[in-house]
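Notes follow the structure.
The values are calculated or read from the model by the stated rules, or taken from the named source; none is laboratory data. Treat the numbers as computed from the prediction; the structure is a model and nothing was measured. Here the Cβ positions follow ideal geometry from the backbone for every residue, glycine too, while neighbour counts run over all protein chains shown. In case anyone asks, the SASA skips ligands and DNA or RNA and just uses the protein heavy atoms, side chains included. Shrake-Rupley method; radii C 1.70, N 1.55, O 1.52, S 1.80 Å.
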Amino acid sequence: MKTGIITKVAGPLVIADGMRDANMFDVVRVSSQRLIGEIIEMHGDKASIQVYEETSGLGPGETVESTGAPLSVELGPGLIGSIYDGIQRPLNEIMKVAGTNLKRGVDVPSLDHTKKWHFTPAVKKGDSVVSGDTLGTVQETNAVLHKILVPNKAQGTVESIKEGDFTIDEIVAVIKGEKETFEVKMYTTWPVRVGRPYKRKLSPDILLTTGQRPIDTLFPLAKGGVAAVPGPFGSGKTVVQHQLAKWAAADIIVYIGCGERGNEMTDVLNEFPELKDPRTGNSLMERTVLIANTSDMPVAAREASIYTGITIAEYFRDMGYTVALMADSTSRWAEALREMSGRLEEMPGEEGYPAYLGSRLAQFYERAGRVIVNGSEDTEGALSVIGAVSPPGGDISEPVSQATLRIVKVFWGLDANLAYKRHFPAINWLTSYSLYTDQLKDWYAENAAPDFSELRSRLMALLQDESELQEIVNLVGMDALSAPDRLKLETARSIREDYLHQNAFDPTDTYTSLKKQVLMMRAILSYYDKALDGLKKGADIEMLVNIPVRERIGRFKYEPEDKINEEFEQIEAQLDSEIDDVLKRSDD
């Protein structure tokens with residue numbers, strides 16, 4: 001142990017002398033209460049330490065001990081279904097030790113080291129293995145088969161491997177390398193600020209399907225992509241993230257509550273165990289890891305929480321899984337950076353945030369990606385990151401939103417005005433964008449419909465035309481519009497209300513398959529094309545706007561998936577007959 005003496009305490013920042021032998025980012029134990037901290041700056045033998053627990057009552061003269069190791073997480077069976085704080089302390093276990101009032105200095109292992117897991121070998125004695133190969137598996141939950149991998153930088157011949165029930169501390173395999181022998185346990189540790197290695201990154205050209213129409217159709221997220229969801233209070237960020245956690249085509253969900261209000265995190269903790277996983281019918285927690293780090297916890301722990309979360313996510317990605325990480329919200333994480341930067345008396349950047357805010361955000365988001373993971377076979381894993389941003393007053397011109405927008409490829413801008421109108425998800429179709437659209441064109445053509453991109457483009461064009469026409473209507477009224485423009489407005493209203501509005505709490509509407517999305521788009525555009533053709537033949541615009549089939553098109557979203565083809569054909573037939581009827585009546 002390398003021991004130093006505290007010379008200054010300023011909130012979560014502690015300065016200690018005599019730390020010459022310690023290293024940057026070493027974990028330290030502060031004072032006799034053994035509070036957890038991390039060295040974030042060194043000047044000679046003087047170390048600046050950010051403490052992850054409340055520092056009230058600390059004073060100069062108390063001791064600081066360095067553990068000599070960086071802040072790391074334990075990775076192994078037992079992660080799934082766990083609820084951790086920002087530095088991977090299991091909150092359920094802490095409650096058993098300390099009761100409901102969290103005491104300082106509580107030291108509880110992140111994983112259960114006494115529980116036995118059944119290990120099934122995937123290789124046999126004499127096999128050659130390299131780093132990243134699967135040695136064996138543990139059925140962690142009904143939904144997750146946990147793969148025990150050959151540790152990083154280890155390779156050689158399997159000298160022994162055994163099946164049976166073991167704790168994570170017991171050796172399950174021995175690998176004999178050229179220079180050393182590796183004894184493999186079922187868990188490993190990994191420093192949170194270092195990305196886990198992989199062979200190579202792949203192009204983001206596969207859609208991460210979510211079942212949310214505004215996202216899948218207009219602003220898609222690729223597997224391994226990064227997205228930002230900025231929005232003011234009450235605009236539905238948390239519901240969007242819950243929907244993505246439940247319905248996104250991901251095997252594992254890592255949900256980080258980073259500095260959000262305690263009641264929001266309580267909602268997550270209460271709701272996630274009750275949410276039914278549509279894949280298995282069991283609790284969603286069977287493939288979820290939660291990191292609960294609320295705004296009343298020490299500010300420094302927020303800074304560590306997103307690194308803890310993304311390291312756990314990378315671990316499951318290395319098993320070949322598709323992982324979706326939700327960070328709610330990176331604004332609170334940036335506030336923690338600002339607090340520590342101010343305590344360190346660094347030169348402030350815009351609005352007091354540190355000048356390195358953008359590079360720290362980039363370091364976090366760049367750990368996402370669709371990759372070929374380490375191992376002798378080319379196995380594909382993907383880690384997609386969705387970061388919520390909470391700009392004060394919904395003003396996205398502030399530094400965190402702007403730094404995030406420079407990095408991410410998808411921007412789902414939530415709009416307070418849409419939320420007030422009860423239009424959810426409140427994604428503004430005029431300000432949001434996705435830079436993956438072109439890369440996903442071929443995927444859509446193969447997996448959804450050959451003309452999917454064309455349908456999407458037509459929807460967007462109608463919505464943009466509507467915004468321009470709406471300005472005219474606001475100035476001089478609806479009567480000033482020509483019949484084709486009036487039809488455009490009506491069709492755009494149908495797109496907004498019948499297609500982009502999606503009820504997360506309706507059992508049918510909460511998820512829409514790509515096939516159904518295509519048919520819904522075809523139904524709306526078919527009405528527009530046929531009505532426009534009718535107008536050219538002299539049909540009356542009032543009659544075309546009020547034909548009964550429009551209500552049926554609007555209710556198409558509530559149609560069960562097994563009846564959509566039949567319903568679409570009936571809508572088309574009814575549409576033809578009603579427009580013919582309008583033409584006859586107009587002629588009369």
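Output the residues belonging to segment 371-384 that are under 21 Å from Gly225 (Cβ atoms), open to solvent by less than 20 Å² (accessible area, probe 1.4 Å) and out of contact with any helix residue (DSSP H, G or I) (no Cβ under 6 Å at 6 or more places or on another chain). Of everything in segment 371-384, those that are under 21 Å from Gly225 (Cβ atoms), open to solvent by less than 20 Å² (accessible area, probe 1.4 Å) and out of contact with any helix residue (DSSP H, G or I) (no Cβ under 6 Å at 6 or more places or on another chain) turn out to be Val371, Ile372, Val373, Ala382, Ser384. Does Val373 satisfy being of a type in the set (A, V, I, L, M) and farther than 12 Å from Thr330 by Cα? Here the answer is yes, as Val373 does meet what is asked.
Condition test on Asp506, is it open to solvent by 70 Å² or more (accessible area, probe 1.4 Å) and out of contact with any strand residue (DSSP E or B) (no Cβ under 6 Å at 6 or more places or on another chain)? The answer is no for Asp506. Within segment 115-146, the set of residues being open to solvent by 50 Å² or more (accessible area, probe 1.4 Å) and within 11 Å of Pro77 (Cβ to Cβ) comprises Lys115, Lys116, His118, Gln139, Leu145. Looking at Lys179, Lys153, Lys147, Lys125, just one residue is touching a strand residue (DSSP E or B) at 6+ places or on another chain (Cβ under 8 Å) and modelled with pLDDT under 95, and that residue is Lys125. Quick check on my filter: what residues within segment 347-384 are farther than 17 Å from Glu303 by Cα and not in a loop (DSSP other than H, G, I, E, B)? Of everything in segment 347-384, those that are farther than 17 Å from Glu303 by Cα and not in a loop (DSSP other than H, G, I, E, B) turn out to be Pro348, Glu350, Glu351, Gly369, Arg370, Val371, Ile372, Glu380, Gly381, Ala382, Leu383, Ser384. Among the listed residues Gly394, Gly381, identify the single one that is under 26 Å from Gly309 (Cβ atoms) and at pLDDT 90 or above. Sole residue among the options that is under 26 Å from Gly309 (Cβ atoms) and at pLDDT 90 or above: Gly381.
When residues in segment 528-544 are screened for being of a type outside the set (D, E, K, R) and under 16 Å from Ala461 (Cβ atoms), 2 of them pass.
Tell me which residues, restricted to segment 524-549, are within 23 Å of Glu454 (Cβ to Cβ) and among the basic types (Lys, Arg). Within segment 524-549, Lys530, Lys536 meet the criteria.
Being part of a loop (DSSP other than H, G, I, E, B) and open to solvent by less than 50 Å² (accessible area, probe 1.4 Å) is the filter; apply it to segment 167-188 and report the residue that is nearest to Leu111 (Cα to Cα). Of everything passing the filter in segment 167-188, Ile168 is nearest to Leu111 (Cα to Cα). Residues in segment 332-341 that are open to solvent by less than 10 Å² (accessible area, probe 1.4 Å) and either in contact with a Cys (Cβ under 9 Å, 6 or more places away or on another chain) or not in a helix (DSSP H, G or I) (or both): Trp333, Ala336.
Results for (1) in contact with a Ser or Thr (Cβ under 8 Å, 6 or more places away or on another chain); (2) closer than 28 Å to Arg360 by Cβ, shown as yes or no for each residue.
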residue	(1), (2)
Gly37	no, yes
Ile40	yes, yes
Ile49	no, yes
Tyr52	no, yes
Ile83	no, yes
Gln88	yes, yes
Leu91	no, yes
Val123	yes, no
Val130	yes, no
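Take the conditions surrounded by fewer than 16 Cβ atoms within 10 Å (Cβ to Cβ) and farther than 22 Å from Pro220 by Cβ and apply them to Glu454. Does it pass? Criteria not met by Glu454.
Does Asp533 fit the bill of being assigned to a helix (DSSP H, G or I) and farther than 27 Å from Trp429 by Cβ? Judged against the criteria, Asp533 is not a match.
Considering segment 7-28, and only residues there that are free of Cβ contacts under 8 Å to residues at least 40 places away in the same chain and open to solvent by less than 30 Å² (accessible area, probe 1.4 Å), the residue that is nearest to the chain's Cα centre (by Cα) turns out to be Val28. List the residue pairs whose Cβ atoms are under 6 Å apart, where the first residue sits in segment 453-481 and is under 22 Å from Tyr499 (Cβ atoms), the second is open to solvent by 90 Å² or more (accessible area, probe 1.4 Å) and assigned to a helix (DSSP H, G or I), and the two are 6 or more positions apart or on different chains. Qualifying pairs under 6 Å: Ser453/Lys441. So which residues in segment 498-531 are of a type in the set (Gly, Ala, Ser) and over 24 Å from the mean Cα position of the chain (by Cα), if there are any at all? Within segment 498-531, Ala523, Ser526, Ala531 qualify. Can you pull out every residue in segment 93-114 that is open to solvent by 30 Å² or more (accessible area, probe 1.4 Å), free of Cβ contacts under 8 Å to residues at least 60 places away in the same chain and under 15 Å from Glu74 (Cβ atoms)? Within segment 93-114, Glu93, Pro109, Asp112, His113, Thr114 qualify. Among the residues of segment 494-530, the ones that are small (Gly, Ala, Ser), in a helix (DSSP H, G or I) and over 17 Å from Ser577 (Cα atoms) come to 1 in all.
Against the criterion of being in contact with a His (Cβ under 8 Å, 6 or more places away or on another chain), under 30 Å from Asp415 (Cα atoms) and open to solvent by less than 70 Å² (accessible area, probe 1.4 Å), Leu500 qualifies. Note on segment 522-564: residues that are open to solvent by less than 70 Å² (accessible area, probe 1.4 Å), of a type in the set (S, T, N, Q) and modelled with pLDDT under 95 amount to 0.
Entry remark, segment 117-166: residues being β-branched (Val, Ile, Thr), in a strand (DSSP E or B) and within 29 Å of the chain's Cα centre (by Cα) number 4 in total. Please find, among Val129, Val144, Val138, Val174, the residue that is in contact with a Pro (Cβ under 9 Å, 6 or more places away or on another chain) and at negative phi. That would be Val138, the only listed residue that is in contact with a Pro (Cβ under 9 Å, 6 or more places away or on another chain) and at negative phi.
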